[in-house]
Amino acid sequence: MPVAEPTAVDVLDELETRLAWLTTSEIVFPSRENSDNDPEGKPESPKDSQVVVSVANLTRVADLDLPGNPPRECWELEIKLRLRLMPSETDSESIDWKLMRYVRDVRQAVTGGDTYLDDWFNFNGNALDANWGDTMERVSTDGTSQSDGYVLTLNIRIRVTPGAL
Amino acid sequence: MTLRDAFETDAAMFTSTSDFGETVIYRPRLVSERNIAAVVIRQQAEQVSGDENRVATVFEVHVANNSTTGIATTEIDLGGDMIDIADRVGKTPKPRSILQILDQDEGMVVLRCQ
């Protein structure tokens, strides 16, 4: 009997669910939809306390393939989490303090929220393994929004049937 | 009439909803929103940042430099205040962040929103 196999989209669904723990943040998975067509849709404007999630490079990890029938291929998904804090003319708190707290909160959300999950890296059974990137890239007064933030990298390895990414 | 008075009078005429203006909702970061008149120039979408896989429409918004009928330069909180704008005329307006003051004088303020 065929068994449902996790895919990259299942991992992203789980990631979205976990980031929802950040109740005061807006989590954006960028779309090409014109959100104005939908009365409920939100425009993807740059906003304060925003996390923008996007999939960057996909890399084969042949060492972690699982030969068999059917064979399973291992892929590593590079997920970028862009944390954004907008400038403010009324908040005198140090931006670095705010950023450090925000980085901590986002990492806490991904690893389980209120309760740290020992197996956070398998994303509810959908992934083989995951780890944080070695560097958190500081972004200052960036782009059109002039916002500050960090780019966190999350590397997630999944095993899928060939062609089923 | 002084030149400053002329600026203010011209601003009211320019943003009049009977002429070039439309009614939009201004949402300050810390206080309640209000309706104002604005001339909105809808531009092309631009990439928000190099790290993100997304673009968003850019708006140039002309309002009177006035804390009742428009937005006063003294009250704008860049990065936190928003204006509800539809990305096409006639569609449902949605909140857009005010990112920059492009131009200002006693009569008018020009804002960049996205």
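Over all alpha-carbon pairs in the range A:8-160, figure out the percentage whose distance exceeds 17 Å. Of all Cα-Cα distances in the range A:8-160, 66 percent exceed 17 Å. Using the rule -39500 (n - 2.57) for each DSSP H run of four or more residues, divided by the residues of chain A, the 222 nm mean residue ellipticity is -5500 deg cm²/dmol. With Cα atoms defining each centre, the range A:106-135 and the range B:66-114 are spaced 40 Å apart in the structure. Taking a Cβ cut-off of under 10 Å around B:GLU52, the surrounding Lys, Arg, Asp and Glu residues balance to a net charge of +1, with basic ones at +1 and acidic ones at -1.
Between amide H atoms placed 1.01 Å from N, distances below 5 Å from B:ILE71 occur with B:ALA64, B:ASN66, all of them 5 or more places distant or on a separate chain. In straight Cα distance, which lysines are under 19 Å from A:LYS80, not counting same-chain residues fewer than 8 positions off? Correct list for A:LYS80: A:LYS47.
All other residues whose Cβ lies under 13 angstrom from that of A:ARG159 are scored, Lys and Arg at +1 and Asp and Glu at -1, for a net of -4. Our helix-only sum for chain B, with -39,500 (n - 2.57) per DSSP H run of n ≥ 4 divided by its residues, gives a mean residue ellipticity at 222 nm of -3500 deg cm²/dmol.
Peptide B:81-89 is shielded by partner chain Cβ atoms: per residue, an average of 2 of them sit within 10 Å of its Cβ.
With a simple spin-label model that places each label point 7 Å from the Cα along the Cα-to-Cβ direction, the separation between B:ARG88 and B:ASN35 comes to 2.5 nm. Would you mind classifying the range A:53-122 by shape? Square roots of the alpha carbon gyration tensor eigenvalues, ordered a ≥ b ≥ c; an a/c under 1.5 is rounded, otherwise it is prolate if a/b is larger than b/c and oblate if not. Judged from the Cα gyration tensor, the range A:53-122 comes out prolate (a/c at least 1.5, a/b above b/c). Spacing of the modelled spin labels on B:THR73 and A:LEU58, each 7 Å from Cα toward Cβ, amounts to 5.2 nm.
Please compute, over every Cα-Cα pair in chain B, the percentage with a separation greater than 21 angstrom. For chain B, the fraction of Cα-Cα distances above 21 Å is 34 percent. Within the straight-line cut-off of under 12 Å between alpha carbons, the aspartates and glutamates reachable from B:LYS91 are A:ASP36, A:ASP38, sequence neighbours fewer than 8 places apart in one chain being disregarded. For the range B:51-114, treating each Cα as an identical point scatterer without solvent, what Debye log10 I(q)/I(0) comes out at q = 0.11, 0.27 1/Å? Ignoring solvent entirely, the Cα scatterers give -0.26, -1.22. Over 23 Å apart: what share of the alpha carbon pairs of the protein assembly as shown falls there, rounded to a whole percent? Here the tail beyond 23 Å accounts for 60 percent of pairs.
Read-outs throughout are calculated quantities, based only on the coordinates presented, and are distinct from any laboratory measurement. If you're wondering where the values come from, they're calculated on a predicted model, not measured in any experiment. Note that each Cβ is placed from the backbone with ideal geometry, even for glycine, and that neighbours are counted across all protein chains shown.
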